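The values are calculated or read from the model by the stated rules, or taken from the named source; none is laboratory data. Predicted, not measured: the structure shown is a model, and the values here were computed from it. Neighbour counts run over all protein chains shown; Cβ positions are idealised from the backbone, glycine included. The area values use the complete protein model at the heavy-atom level, side chains included, leaving out ligands, DNA and RNA. Shrake-Rupley method; radii C 1.70, N 1.55, O 1.52, S 1.80 Å.
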Amino acid sequence: MIEREQIEMDVVFVGAGPANLAAALHLKSEIKKYNEFVANGIKPGKPISDLEIAIVEKGSFVGAHILSGAVMDPIAIRELMPDFLAQGCPVDSVVTDDAAWYLTEKRRFVAPITPPPLKNKGKYIVSLSKICEWLGEKCEEAGINIFPEFPAAELLYDENDRVIGIRTGDKGIDKEGKPKVNFEPGVDLLAKVTVLGEGSRGSLAKQLTARLGLDHGKEEQVFSLGIKELWEVPAGNFQEGMVVHTLGFPSDTRTYGGGWIYGLKNNTVSIGYVTGLDYEDPMIDPHTEFQKFKTHPKIAEILAGGKMIKYGAKSINTGGYYTMPKLYADGVLLVGDCASFLNGQRIKGIHTAMKSGMLAAETIVGAFEHEDFSSKTLRHFEEKVEMSWIYDELHPVRNFHAAFQKGRWSGLINTGLQYLTKGLAWGFMPKEYHIAGYERMQKITENGQRRTENGRYAEVKFDKELTFDKITDVFHAGVAHDEDQPSHLHVLDTEICATRCAEEYGNPCQRFCPAAVYEMEDNAATARKELKVNFSNCVHCKTCHQLGHPRRRRRTEL
Ligand SMILES: Cc1cc2nc3c(=O)[nH]c(=O)nc-3n(C[C@H](O)[C@H](O)[C@H](O)COP(=O)(O)OP(=O)(O)OC[C@H]3O[C@@H](n4cnc5c(N)ncnc54)[C@H](O)[C@@H]3O)c2cc1C
């Protein structure tokens, strides 16, 4: 029996992303405001004593696991800190121009008017990782405890299923699961309120949702995978402050996808491609789709003579408003991407994540005021969300992703109609749009013919100048794993990989993983291919968490 230290906190935030960092800072200032109201007799009651607040982060520092190079809508950070620029918020550039391109294989069509959801002039191009680092410093200045390298491994419950805190993961375990000399047991952080802000496909949020049925009556989440590289390019190749979004090449018309190019300072370009993980063809490889995107003449022109400096990949929950789980339970709140606050139409979630965190903070102040941390008080979080601009932004685009499930053209027509009608779904929307993305993948054998890549990626040469194989990209991802540690990826049934999955789907894990974690290797003893998990390659994008699903193939746990 392992003896664990117990630390009593008042509020524990899981994950140091924009949602929780904004939440913790706002909590501090809202308590101060509340106490001033009480002191001045504006509010009855007694002041809230100084709260012990902790943020646990699994990355080695705040921002370490955050994918950089984003366009931030400043609406939320302005509410959090009206003088954020004067306080030194490290924004990279102001967006001075934006454009939407439709790409065919060889040509580019520039939209005469940038569609309203893609208008970004006046917003900020940021390294989200730097913004989080800076917000982390602000939190520490405000007296908030930040614990990097502390992954929350599980939630702690009392006998009535009330969340009472978290347990952090044990450290110093070898790959066989045995303690090494530097073994350190995880600690129990007890809290009156725990806030989950783990980002897309959060593991604690997933456990909680399953245990308490928080997704009951909600639509299944759908995910996309965003893959990006940061490039240094020769001066003049791409304008600083320019934001381009693309549609078309290389996605086929049945597959949801699109690209972006953002011009940062010092001739740095953030370039990336999103592929909807609800794709039908099991031969699709989102990483190679992105590489192919870069071979388009107009994209290759921007990167010509440049150098790739950083790589990253992360899943994005694109399901929107209808896929939001219940946002509270006794002792716990869910904020940011792990609660589906992202606006899929704008591919923006920083501002909604921050605002959701701030509304959670205001709810927590109410809970301390009434000394009640049950659902009775915490349910006000959902009311606050519905009354805020988050609802005004997300509700009109509630059917956006679903509209693309019949392909690009019906998606675009639907989107136009939804824009005019504030989001109404149309008769020609697919009836089955509430199904999970992974349910849409088709089998590898179609009409007796076995699918192959069929030349899909023939022009991608992985020349290590313009296009890179997965291993080279992973080298630029800045992830480090000790080989002598247990794999954080557990495939519960590997037999199914060698049999049913190989026959029916051609082991799509080898393609959907953007980091070459999954490999089907010849096993001489069994004379068949078996799964090898190269967990140390993992870039923590969580794609396998969504596509490796038990109902179809097997389950992966992270
Ligand atoms: C490719 C891509 C491009 C994007 N571009 C944009 C853009 O241009 N503009 C925009 O507004 N949005 C963009 N987004 C979305 C935006 O990044 C997210 O909406 C936003 O970061 C969500 O914030 P969050 O705090 O909820 O989660 P995250 O930013 O994901 O942060 C979660 C944090 O929690 C930590 N964590 C997770 N689990 C645990 C655990 N169990 N224990 C401890 N720590 C944990 C993680 O390490 C991470 O630091 C993009 C997303 C992707 C993937």
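Table for the structure above
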item	result
Relative packing of 18-29, 143-154, 105-116, 273-284, which averages over residues the other C-beta atoms within 10 Å, highest first	18-29, 273-284, 143-154, 105-116
Positive-end residue, the chain charge dipole about Cα centroid, Cβ charges, pick of Ser203, Ser251, Ile316	Ser251
Radius 12 Å from Cβ of Val95, net charge of other residues (Lys, Arg +1; Asp, Glu -1)	-2
Contour minus Cα-Cα distance for Glu530 and Ala210 (0.36 nm per residue)	112.2 nm
Net charge dipole size for the chain [Lys, Arg +1 and Asp, Glu -1 on Cβ; Debye, nearest 20]	1940 debye
For a label point 7 Å along the Cα-to-beta-carbon line of Glu459, residues of segment 262-290 with backbone N under 19 Å	272-275, 284-290
Neighbour net charge for Ile364 - beta-carbon separation under 10 angstrom, K R +1, D E -1	-3
Within the chain, percent of DSSP bridges classed antiparallel, to nearest 5	70 percent
Ordering of 202-213, 5-16 by burial proxy (mean other Cβ atoms within 10 Å per residue, highest first)	5-16, 202-213
Positive-pole candidate from Ala39, Tyr124, Met242, dipole of the chain, charges at beta carbon	Met242
Alpha carbon centroid spacing (whole Å) that separates segment 281-329 from segment 142-178	31 Å
About the Cα centre, charge dipole magnitude for segment 51-118 (Lys/Arg +1, Asp/Glu -1 at Cβ), debye	420 debye
Inter-part distance where segment 473-547 and segment 24-80 are each reduced to a Cα centre, Å	39 Å
Value of relative contact order over the chain, rounded to a whole percent, pairs C-alpha under 8 Å and six or more apart	17 percent
Label-point gap, in nm, between Glu184 and Leu424 - each point 7 angstrom along Cα→Cβ	5.9 nm
Separation of the Lys121 and Glu79 label points, Cα + 7 Å toward Cβ, nm	2.6 nm
Chain lengthening between Lys33 and Asp158 when straightened (0.36 nm per residue, less Cα-Cα)	41.8 nm
Thr499-Glu140 FRET efficiency (beta carbon distance; Förster radius 41 Å; 0.05 resolution)	0.20
Accessible area of the chain divided out per residue, in Å², using a probe of 1.4 angstrom	43 Å²
Local electrostatic count, Lys422, Cβ distance below 14 Å [Lys/Arg +1, Asp/Glu -1]	-1
Student exercise, segment 165-207 dipole from Lys, Arg, Asp, Glu Cβ charges, in Debye to nearest 20	120 debye
Amide N proximity, segment 401-426 versus Arg451 label position 7 Å along Cα-to-Cβ, cut-off under 16 Å	405-408
Pairs beyond 32 Å (Cα-Cα), from Lys175/Lys348; Lys138/Lys171; Lys355/Lys461	Lys175/Lys348; Lys355/Lys461
Length released on extending from Ser487 to Ser388, taking residue separation times 0.36 nm less the Cα-Cα span	31.5 nm
Model label zone, Asp252; criterion: amide N under 14 Å from point 7 Å along Cα-to-beta-carbon; scope segment 488-517	none
Percent accessible area from carbon and sulfur atoms, the chain, protein chains only, probe 1.4 Å	52 percent
Positive dipole terminus of the chain, leading residue within Leu264, Thr168, Tyr328 (C-beta point charges)	Leu264
Segments 397-405, 41-49 sorted - mean Cβ within 10 Å per residue, highest first	397-405, 41-49
